[in-house]
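A.B. asks: Sending over a structure as structure tokens; questions will come in a sec.
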Amino acid sequence: MSRFVVVMPLVLIWMQIADAKWELWGNWTGADLKEVCEQADPNDALSSCLAYVLGTLDGITLMKGNSGNAIKICEVPHYVTSMQWISLIREYFDKHPAELGEQGAALVPRIVNSVFPCP
């Protein structure tokens, strides 16, 4: 519950500051996410990059509680900082440029699972 309380204000702030060229719901590609994360200040905990990633993860977690066939996400350590999240996203897209055309929300769990694989 406490993570939801922290992330929800981030999502609301993100909705207000996201660049107008992107539609806010469901249309981001990997290229859009990469661009936002490349522009993000790693010291800014309220970045659009971080809000998108954490909002997607919270949505998947919520689905997991309501459905037996939700997208699988492995355990993410709680000590991962804002700077580390942004760096992880940037590094993933540098290594996987062919995935930039895919849906951003579908890429987030893939990125998380590649960095924090299930035991």
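The values are calculated or read from the model by the stated rules, or taken from the named source; none is laboratory data. Remember, predicted model here, so these are calculated numbers, not experimental data. Positions of Cβ are backbone-derived with ideal geometry, glycine not excepted, and every protein chain shown enters the neighbour counts.
A.B. asks: Would it be correct to say that residue 98 is surrounded by 13 or more Cβ atoms within 10 Å (Cβ to Cβ) and at pLDDT 85 or above?
C.D. replies: Spelling it out, it is not the case that residue 98 is surrounded by 13 or more Cβ atoms within 10 Å (Cβ to Cβ) and at pLDDT 85 or above.
A.B. asks: Here's another thing I want to ask about it. Working only within the range 52-95, note down all residues that are modelled with pLDDT under 85, loosely packed, with under 14 Cβ neighbours inside 10 Å and among the basic types (Lys, Arg).
C.D. replies: Listed by number, the list holds a single entry, 72.
A.B. asks: Taking the range 101-114 only, how many residues are in contact with a Phe, Trp or Tyr (Cβ under 8 Å, 6 or more places away or on another chain) and either surrounded by fewer than 17 Cβ atoms within 10 Å (Cβ to Cβ) or of a type in the set (Asp, Glu) (or both)?
C.D. replies: 2
A.B. asks: Out of all the residues in the range 85-119, which are among the small types (Gly, Ala, Ser) and in a helix (DSSP H, G or I)?
C.D. replies: Result: 87, 98, 104, 105, 106, 114.
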